[in-house]
Amino acid sequence: MGIEEKLPSGFLLTTVEKMANEAHRASLWPATFGLACCAIEMMSSGGPRYDLARFGMEVFRASPRQADLMIVAGRVSQKMAPVLRQIYDQMANPKWVISMGVCASSGGMFNNYAIVQGVDHVVPVDIYLPGCPPRPEMLINAIMELHEDIRNRKIGAHRRVEVGEREQLALTAVPTSDQRGLLQ
Ligand code: SF4
């Protein structure tokens, strides 16, 4: 018999971690930040057909100080990289990044000096979204995956351990420059 059975009806037990995560998950606001063609798909996700409003996320914030999600929609030029980083730094903590499309994730077909070969060289990325361009359904799926990630994230001392473990995993991963896709 646990403490739950002794409580009068109307009481609900949870942990601070779960409550904080649920609050973060249900209150994501994206920054207005479209860089190229992928941004058109991102914009249509906010319209009535795809309805980002179902998550309360339809208003893309014009100020990074009111946003905690950056959707990098499109290729990142070398000139734009410091601006992107500044916007990220000005966003409220805790914050998350979705890399939308192959260009943002790896430079895509723009394998040249003008384009950053993956936005993870500039900001930490939580979700990589494949496609050129990814459809709005794929973006919504990525947002739902992020929601799941936030729901299960650790906070406090547990968070520090989790970050260390993820860092180790990233260090032992095959570098993208060594990946050859189907040619491997
Ligand atoms: S992934 Fe395709 S749609 Fe998106 S920015 Fe690159 S070229 Fe444009």
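For the condition more than 16 Å from the ligand (Cβ to nearest atom), out of contact with any strand residue (DSSP E or B) (no Cβ under 6 Å at 6 or more places or on another chain) and not aromatic (Phe, Trp, Tyr), Gly10 qualifies. How many of the residues in region 48-84 are exposed (fewer than 15 other Cβ atoms within 10 Å of the Cβ), touching a strand residue (DSSP E or B) at 6+ places or on another chain (Cβ under 9 Å) and over 18 Å from Val119 (Cα atoms)? Matching residues across region 48-84 total 4. Residues in region 165-181: is at least one within 16 Å of the ligand (Cβ to nearest atom), loosely packed, with under 11 Cβ neighbours inside 10 Å, farther than 30 Å from Glu22 by Cβ and without any contact (Cβ under 8 Å) to a residue 24 or more places away in the chain? Looking for residues that are within 16 Å of the ligand (Cβ to nearest atom), loosely packed, with under 11 Cβ neighbours inside 10 Å, farther than 30 Å from Glu22 by Cβ and without any contact (Cβ under 8 Å) to a residue 24 or more places away in the chain, one finds at least one in region 165-181, hence yes.
Residues checked against (1) of a type in the set (Val, Ile, Thr); (2) touching a Ser or Thr at 6+ places or on another chain (Cβ under 8 Å):
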| residue | (1), (2) |
| --- | --- |
| Ala36 | no, no |
| Ala39 | no, no |
| Met42 | no, no |
| Pro48 | no, no |
| Phe55 | no, no |
| Val59 | yes, no |
| Ser63 | no, no |
| Val72 | yes, yes |
| Ser77 | no, no |
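Taking into account only those residues within region 22-46 that are crowded, with 20+ Cβ neighbours inside 10 Å and assigned to a helix (DSSP H, G or I), which is nearest to the ligand (Cβ to nearest atom)? Among them, the one singled out is Cys38. Of the residues in region 142-158, how many are farther than 20 Å from Asp120 by Cβ and under 19 Å from the mean Cα position of the chain (by Cα)? Looking only at that region, the number is 7.
Rule-based calculations on the coordinates, nothing more; no lab input. Given the structure is predicted, the values throughout are model-derived calculations rather than measurements. Counting neighbours? That spans all protein chains shown, and the Cβs are built from the backbone with ideal geometry, glycine included.
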